[in-house]
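See below for the structure under consideration.
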Amino acid sequence: MLERLGFPSIGPHRRFVTAIGIDAVGSGVFMPVSILYFLMTTDLSLVQVGGVLSLASLLALPAGPLLGGVVDRIGAKHVLLAGNALQALGFAAYLVTDSFAGLTFWTVVVTIGRTAFWGSYGNIVAAISRPGERETWFGFLGALRNVGFAVGGLVSGAAITVGTQEAYAAVVVANAASYVVALVLLLAVPAPARTRHRALAGSWSTVLRDRPYWLLWTVQLGYCVAMMVLNVAIPVYATTVLDLPGWVTGAVFTLNTVMVGLGQGLVVRAMTGARRWRVLVLANVVFAGSFVVLLGAGRTGVVLGVVVVLVGTVVYTAGELLGGPVLGALSAEAAPEHLRGRYLSLIQLAWNLASTVAPVTFAWLLDRGSSPLWLVLAAVSLVAAALAARLGRVLPAAADRVTNRSADPLPA
């Protein structure tokens, strides 16, 4: 079944894949109710809760580069395990925390744990897959996490419907338990051979001088900004600016989840033979097109506005399907193996920067009308497309074709 959808054969990596899926379900349970949980279980105001989340993200930003060096020294698996342990501990602490300072501290712990997870995740995926099939693996695991988020979202919807403090606490317990179960599964996963060695000659100075990789990082940042639109911009735009029915936001998330879950592997298979940089150019052009479509929803009535938002979501998701697997594979393969932890920590930094800056920036732009937000986002994507075209000339791995077949065997 997986192969028919264009996904790889899991083979000996069932425990790792299962752990990633369980982790995603737990995260999907908590994400939709995170702010509601803190409002329900503490005396903090909405502004204070928002301040906690922003402050924690800001304080945890330096953790990414620091953890990159740790990955290179001790191996990605150990950092991944530590990330799950920190998140499990942080969510368990939420059950007994109700002060601003305490909530900030434990949110920093959770954020550092999440950074550790994502900072080591790409290293492990690169190690368990072969050159030539990494787009397939990154696409498959991304689709799996997307489906896990959706399943978790259904559970969180039940908690919101019940609406009691106990129901919200059960959500936190479920999320903490998911990290523990994933941790147990990952303990039994052998550390990939490619992550066991310590760093060879090289340091952060090597990374910082790598201009082609920094160009890739800038393209990645543009993709990260675009990826914030689904969770941050579209719900607010649809409900407060367009005044569309509340079910539209749910339909947007459902449509995105179904397309990614069922279509990601098929899209990666369709990329076969295409040069990576061209796929990235197309992904960003598609993103820009989706933002223009969403801008058009503000010029219609309610009924037509619903249709335009859903069409914009389909176009937007196509950009996600194109860009994600290629960026995941390219960012791993363009990094020297002995410094891959440091290199990929920069990619995580791009995600952290986008998630820190996007909410306040999108809100500020929406406060000035619908046009500024979508025009700025379209401009960002077009700039990223131009940089991706440049990437094909300065980064050899970006000029490679997507093959979707292994180029060399993994070591025993």
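Key figures
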item: Positions within the range 122-164 being in a helix (DSSP H, G or I), hydroxyl-bearing (Ser, Thr, Tyr) and touching a residue at least 60 places away in the same chain (Cβ under 8 Å), in sequence order; result: Thr136, Ser156
item: Sole residue being without any contact (Cβ under 8 Å) to a residue 12 or more places away in the chain, out of contact with any His (no Cβ under 6 Å at 6 or more places or on another chain) and more than 24 Å from His13 (Cα to Cα), chosen from Gly90, Gly69, Gly102; result: Gly102
item: Residues located in the range 37-73, provided they are surrounded by 19 or more Cβ atoms within 10 Å (Cβ to Cβ) and over 15 Å from Arg342 (Cα atoms); result: Tyr37, Phe38, Val49, Val52, Leu53, Ala56, Ser57, Ala60
item: Leu344 vs. criteria surrounded by fewer than 24 Cβ atoms within 10 Å (Cβ to Cβ) and either in the same structural domain as Thr257 (by TED's automatic domain parsing) or closer than 28 Å to Leu53 by Cβ (or both); result: no
item: Conditions (1) outside any helix (DSSP H, G or I); (2) modelled with pLDDT of 90 or more; number of the one not met by Gly222; result: (1)
item: Residues (out of contact with any helix residue (DSSP H, G or I) (no Cβ under 6 Å at 6 or more places or on another chain) and surrounded by fewer than 19 Cβ atoms within 10 Å (Cβ to Cβ)) located in the range 211-229; result: Arg211, Trp214
item: From Leu5, Leu44, Leu61, Leu36, residue being at pLDDT below 85, of a type in the set (A, V, I, L, M) and outside the structural domain of Ala159 (by TED's automatic domain parsing); result: Leu5
item: Failed criterion for Ser290 (all others in (1) in contact (Cβ under 8 Å) with a residue 60 or more places away in the chain; (2) surrounded by 22 or more Cβ atoms within 10 Å (Cβ to Cβ) hold); result: (1)
item: Among the candidates Ala92, Ala76, Ala82, Ala116, residue that is buried (at least 22 other Cβ atoms within 10 Å of the Cβ) and either modelled with pLDDT of 85 or more or on the phi > 0 side of the Ramachandran plot (or both); result: Ala116
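The values are calculated or read from the model by the stated rules, or taken from the named source; none is laboratory data. Only a predicted model underlies this, so the values are computations on that prediction, with no experimental measurement involved. Neighbour counts are summed over all protein chains in view; Cβ atoms, including those assigned to glycine, are modelled from backbone coordinates with ideal geometry.
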